[in-house]
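Report on one structure; see the data block that follows.
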Amino acid sequence: MTLVRKANRNFDSVLNDFMGGDFFMNQSGMYSGNQTLPAVNIAEDDNQYLIELAAPGLDKNDFNIEFNNGKLTISAERKEKAEEVKFKQREFNYAGFTRTFVVPKQKVEDGNISAAYENGVLSVALPKREEVKPKPARKVEVA
């Protein structure tokens, strides 16, 4: 008994050729099915909220980040270059996306939001207002 079952690759190839390629690909070889969103990590420390968004293959100029009325919107759109390569199969593509996060406006210094893009990860830092940062414990003397 085997736990791994191998697919009949010849049948898959014939079926794929008969159907004209991947069913969800459009004429230019771009994936046109469900748009996937980049994975996101959200962290919080005493001084800030940090949003990390995995977006490999993009350039920092492809991103648009806006903060408006307590909503942080991160979007990216990569301009497709005219390619001379004709793909027989194309399984990855860096298309555009939009992610929106609701941020408690009264907790964030919206004028000091910063962003950096390094090694395929976009990091957006949202510094906390002074009044919401945790205060150190203080000793109260008994009179």
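With K and R counted +1 and D and E -1, the other residues having a Cβ less than 12 Å from that of V40 yield a net charge of 0. Summing +1 for each Lys or Arg and -1 for each Asp or Glu, what net charge is found among the other residues whose Cβ lies under 12 Å from the Cβ of K133? In short, -2.
Per-residue Karplus couplings for region 108-116, computed as 6.51 cos²θ - 1.76 cosθ + 1.60 with θ equal to phi - 60°, are listed in order as 10, 7, 5, x, 10, 5, 10, 9, 9 Hz, Gly and Pro entered as x.
Put in order of Cβ neighbour count within 10 Å, fewest first, the listed residues K88, K107, K128 become K88, K107, K128. For Q48, the residues 5 or more places off, or on other chains, whose built amide H falls under 5 Å of its own are K128.
No value in this document is a laboratory result; all are computed from the given coordinates. Keep in mind it's a predicted model, so treat the numbers as computed, not measured. Glycine gets a Cβ as well: all are built from the backbone with ideal geometry, and neighbour counts include every protein chain shown.
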